[in-house]
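Data first, discussion second: the structure below is written as structure tokens.
The values are calculated or read from the model by the stated rules, or taken from the named source; none is laboratory data. Just so you know, these numbers come straight off a predicted model, no measurement behind them. When we count neighbours, we look across all protein chains shown, and the Cβ atoms used for this are built from the backbone with ideal geometry, even at glycine. Keep in mind that these areas ignore ligands, DNA and RNA; they rest on the heavy atoms of the full protein, side chains included. Shrake-Rupley method; radii C 1.70, N 1.55, O 1.52, S 1.80 Å.
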Amino acid sequence: MYSLVIFGASGDLTSRKLIPALYNLFRKKRLPQPIHLIGFSRTPMKDEVWRKKLLETTRQFTGNLFCEQTWSAFAPCLRYHAGDIGNADSFTSLAAFLNQLENGGQSGATTSHRLFYLSTSPQFYAVAAEQLGVAGLSSESAERSCRIVIEKPFGTDLESAQKLNEIIHRRFDESQIYRIDHYLGKETVNNVLVLRFANAIFEPIWNRNYIQNIQITANEDILIGRRAPYYETAGILRDMFQNHLLQILSFVTMEPPARFDAKAIRDEKVKVLQSIRPMTEEETLQNSVRGQYRNYRDESGVAKDSQTATYGAIRLFIDNWRWKDVPIFLRSGKGMACRSTQIVINFRQPPHSMFSDKASNLPLHGNRLLLQLQPAEGIQVHFMTKIPDTEMKIRPSELNFNFKNSFSGEMPDSYERLLLDAIHGDASLFARSDEVEAAWRIIDPIQKTWDGGRMQDPEFYETGSTGPVQADRWIESFGQHWFDLCPIV
Ligand code: BG6
């Protein structure tokens, strides 16, 4: 018997992501049975009312994958339990409700797997974990597993993350805690591991001897809109770098784990994150730029003199044998020309060119491996070719691989994978406490410099552009260029 309790049942994430993902898992017959999906939120509501609300949103967010008949079979799994996270009685009654569902009012032990999903505002994470513990809902036994899934953001800096870890650890063992970063559920992010560790041709060149620099970009065309109150306190570093970009970076740069299991993978991720050189204030001034899209301050809820960055770029170094002195550029922006999340591996140029004084029209380029994570998921290899019917003119060409052309079916949403893994107790794609803290150790000093008096104000950039002009000059000062590509979907 499986039970998944969603705290924050009336929130956006629940209707936009969680329930559609659960519906899709059910449709694909991947959800274990029997399962109860229980919404927990303050507004009293009958099961039927909650189901009706979710019917509308699920139809909207699953698009042409929606099927009335499948929904009719799925809807009975949805139950609703009204409660207040601040109120201990709500948790006592939740415990009774779960017992009732699992045992049907009968005494005697049934094997049960309970998953508590915190999809609330972050200020409730600590209190929810505490209340679950007080109500006995965090204790495991031979017949019962209990896990807690925690949405991002996990803390707002190192200190708050440590504090939150400490509070949650009072009630839950680390093995019961699943910190979500939805980027880790993306197929293309997982494919980074497959590309690196299921192929023999890449690993020998995946190091400082062959790689000149790495660029990881997560650009979005959307603006902040209704999220301004949250975004004003977060900014691009906390919102995108501490979690998503550093998670991608750790997949790209970690050492090969011996096995695909939670401990082996997370040990390697932590090791590489801990090898990233923390930046002093002076280094941050040299190694980062920030920007703000021009009309950001007109968004409702944004201060007229807001210094919050909607664009950021940083240059990092990993102090280990594999990556010593290889610059790693991370960049993310809102209000950009297009949505594009990509990893660019720029290889070194050939050490010597016998073509340079021939009739070649271009200087030699280093090879480039481009992993387009989204949209237009695919991989490109850039290499030099001879232009036919010329003496020895050469120019860059591409080899293309596109998931859509090679595989049928829709790319699943990342929440499908992550929810299923959490239900089955596989934590490989969730962040461990030391990992989250290591990431904050990298971001904290940068954020501190950005918030201090010495950093230049964020430069305005036009929405629909490629970001602040200063960011181009900045990377050029290191002899590099951004690789910008608006993918064709
Ligand atoms: C979220 C951030 O974690 O990720 C958002 O809070 C961002 O600001 C979103 O837009 C991007 O996710 P995706 O899956 O659309 O790339």
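In this rough spin-label picture, where each label sits 7 Å from Cα along the Cβ direction, the ILE387-CYS338 distance is 2.4 nm. A protection proxy built from the mean count of other Cβ atoms within 10 Å ranks the segments 280-286, 142-148, 117-123, most packed first, as 117-123, 142-148, 280-286. On the principal axes of its alpha carbon atoms, the range 132-178 extends 37, 17, 15 Å, with the longest extent given first. Solvent exposure of the chain amounts to 45 Å² per residue of accessible area, where only protein heavy atoms count and the probe is 1.4 Å.
Relative to one another, the C-alpha centroids of the range 283-312 and the range 390-416 are positioned 34 Å apart. Of the solvent-accessible surface of the chain, computed with a 1.4 Å probe over protein heavy atoms with every protein chain present, carbon and sulfur atoms account for 52 percent. As a length-normalised measure over Cα pairs under 8 Å and 6 or more apart, the relative contact order of the range 343-489 settles at 15 percent. Scoring 80-88, 44-52, 236-244 by mean Cβ neighbours within 10 Å over their residues and listing the highest first yields 236-244, 80-88, 44-52.
Ellipsoid fit via the Cα gyration tensor, the range 1-139: semi-axes of 25, 18, 13 Å, each the root of five times an eigenvalue, largest first. Cross-link partners of LYS17 among lysines, defined as those whose alpha carbon lies under 24 angstrom from its own and excluding same-chain residues fewer than eight positions apart: LYS28, LYS29, LYS46, LYS52, LYS53, LYS152, LYS186, LYS334, LYS404. Mean separation of Cα pairs under 8 Å and 6 or more residues apart, divided by the residue count, gives the chain a relative contact order of 17 percent. Dividing the mean sequence gap of close Cα pairs (under 8 Å, 6+ apart) by how many residues the range 2-154 holds gives a relative contact order of 29 percent. At a Cβ-Cβ separation cutoff of 4.7 angstrom, cysteine residues of the chain with no neighbouring cysteine are CYS67, CYS77, CYS146.
When its C-alpha radius of gyration is set against 2.2 N^0.38 Å (N residues), the range 195-318 gives a value of 1.30. The simple spin-label model puts a point 7 Å past each Cα toward its Cβ; for ALA88 and ARG348 those points are separated by 6.5 nm.
Relative to the globular-protein estimate of 2.2 N^0.38 Å, the Cα radius of gyration of the chain stands at 1.05. Taking amide H atoms as placed 1.01 Å from N in the peptide plane, the amide H of LYS393 lies under 5 Å from those of ILE387, each 5 or more residues away in sequence or on another chain. Amide H to amide H, with H built 1.01 Å from N, ARG144 comes under 5 Å of SER112, counting only residues 5 or more places away or on other chains.
Please give me the summed charge of the neighbours of LEU65: other residues whose Cβ is under 9 Å from its Cβ, Lys and Arg +1, Asp and Glu -1. With Lys, Arg at +1 and Asp, Glu at -1, the neighbours total 0.
Could you rank the peptides 27-37, 301-311 by their average count of other C-beta atoms within 10 Å per residue, with the highest value first?
The peptides rank, most packed first, as 301-311, 27-37.
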